[in-house]
Amino acid sequence: MANALQQDALPQRIECFDISHSNGEATVASCVVFDSDGAKPQAYRRFNINNINAGDDYAAMRQVLTRRYQRQTPLPDMVLLDGGKGQLAQAMAVSAELGLSAIQFIAVAKGEGRKAGSETLIFTHKPPLHLPATSPALHLIQYIRDEAHRFAITAHRQRRIKARQHSVLQDIAGIGVKRQQQLLRYFGGLKGVQAAGIDDLAAVPKIGSQLAQKIYNALH
């Protein structure tokens, strides 16, 4: 990997960032960490991204990098970004603002058809690099990138489910956090609540027929 990426020494800590959302909804960024022993799940972090235009991946990347490196410790030797030149430009802007010149930022751009093995590595001060599909260095980068992607998607889905459950149930007059949780537990989730009839809803402790009718009407 050292020769392939033209590094003087192998990086001792690598962090990788990915952004996940559904058409701009419930945007989450992930940061996964690898060192000489492999993945360090205890150091993984997720960031809920707020106050950006929906679907703006560049702004999301800039926000997560700023939030992560404002504290600056511990700093990685290398940062991988799932994306291309736009994501790398955001990283360089944050690097300049926070004085992160010691970190090597590399964007991992997906190839045509997102086919594994066709990725291009984009550097800040070097020409882009296309490693052979059989390269062990590329395999490691793919593994780290895929782990960041997995962690981001998992966090995004959790945030999206929570947001949708809130908007559907808590916006009903008379349903607060406790009653929402009670309904979800009683019926095993939002789908169960949606499938319940008025009598089923009324049978839940502290719901009653009047509130059951409100819930049923709101969900149908």
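Going by what's in this entry, would R160 be described as under 30 Å from C31 (Cα atoms), buried (at least 17 other Cβ atoms within 10 Å of the Cβ) and at pLDDT below 95?
Numbers: under 30 Å from C31 (Cα atoms): yes; buried (at least 17 other Cβ atoms within 10 Å of the Cβ): yes; at pLDDT below 95: yes.
In short, yes.
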Which number in (1) touching a residue at least 24 places away in the same chain (Cβ under 8 Å); (2) surrounded by fewer than 16 Cβ atoms within 10 Å (Cβ to Cβ) marks the one condition that L88 misses? (2)
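Just for the range 203-220: of the residues that are outside any helix (DSSP H, G or I) and among the aliphatic types (A, V, I, L, M), which one is surrounded by the fewest Cβ atoms within 10 Å (Cβ to Cβ)? Quick ask: steps written out before the conclusion?
Here is the first cut: in the range 203-220, the ones outside any helix (DSSP H, G or I) are 203-207, 220.
If we keep only those that are among the aliphatic types (A, V, I, L, M) too, we end up with 203-204, 207.
Working: A203: 14, V204: 19, I207: 20.
Across the range 203-220, the extreme among qualifying residues is A203.
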I'm told M1 meets every condition in (1) surrounded by 14 or more Cβ atoms within 10 Å (Cβ to Cβ); (2) at pLDDT 95 or above; (3) within 20 Å of L121 (Cα to Cα) except one. Can you identify the failing condition by its number? (2)
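Restricting to the range 138-158, what's the tally of residues that are over 20 Å from H21 (Cα atoms) and in contact with a strand residue (DSSP E or B) (Cβ under 9 Å, 6 or more places away or on another chain)? Before you say what the answer is, go through the steps one by one.
Initial filter on the range 138-158 (over 20 Å from H21 (Cα atoms)): 138-143.
From what's left, in contact with a strand residue (DSSP E or B) (Cβ under 9 Å, 6 or more places away or on another chain): 138, 140-143.
Qualifying residue count, the range 138-158: 5.
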Selection over the range 116-136 where residues are in contact with a strand residue (DSSP E or B) (Cβ under 9 Å, 6 or more places away or on another chain) and either closer than 18 Å to I19 by Cα or not polar (S, T, N, Q) (or both) yields a count of 8
Here the residues within the range 43-80 that are in a loop (DSSP other than H, G, I, E, B) and touching a Lys or Arg at 6+ places or on another chain (Cβ under 8 Å) are P74, L75, P76, D77
Please work out which residue is surrounded by the most Cβ atoms within 10 Å (Cβ to Cβ), limiting yourself to the range 64-81 and to residues that are of a type in the set (S, T, N, Q) and at negative phi. T66
Which members of the range 19-63 meet the condition of being closer than 17 Å to K162 by Cβ and surrounded by fewer than 16 Cβ atoms within 10 Å (Cβ to Cβ)? S22, G24, E25, N48, N50
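Can you confirm whether D200 is of a type outside the set (S, T, Y), modelled with pLDDT of 95 or more, in a helix (DSSP H, G or I) and within 30 Å of V108 (Cβ to Cβ)? Walk me through it before giving the result.
On the way: of a type outside the set (S, T, Y): yes; modelled with pLDDT of 95 or more: yes; in a helix (DSSP H, G or I): yes; within 30 Å of V108 (Cβ to Cβ): no.
Against the criterion (of a type outside the set (S, T, Y), modelled with pLDDT of 95 or more, in a helix (DSSP H, G or I) and within 30 Å of V108 (Cβ to Cβ)), D200 does not qualify.
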Only one of these is over 23 Å from N48 (Cβ atoms) and assigned to a helix (DSSP H, G or I): G192, G174. Name it. G192
Counting just the residues of the range 91-134 that are surrounded by fewer than 16 Cβ atoms within 10 Å (Cβ to Cβ) and among the hydroxyl-bearing types (S, T, Y), which one comes out nearest to the chain's Cα centre (by Cα)? T120
Mind listing just one residue for me: the one in the range 81-137 that is of a type in the set (G, A, S) and assigned to a strand (DSSP E or B) and, of those, nearest to C31 (Cα to Cα)? A107
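The values are calculated or read from the model by the stated rules, or taken from the named source; none is laboratory data. For clarity, every value in this text was computed on a predicted model and none was experimentally measured. Note: ideal-geometry Cβ built from the backbone for every residue, glycine included; neighbour counts use all protein chains shown.
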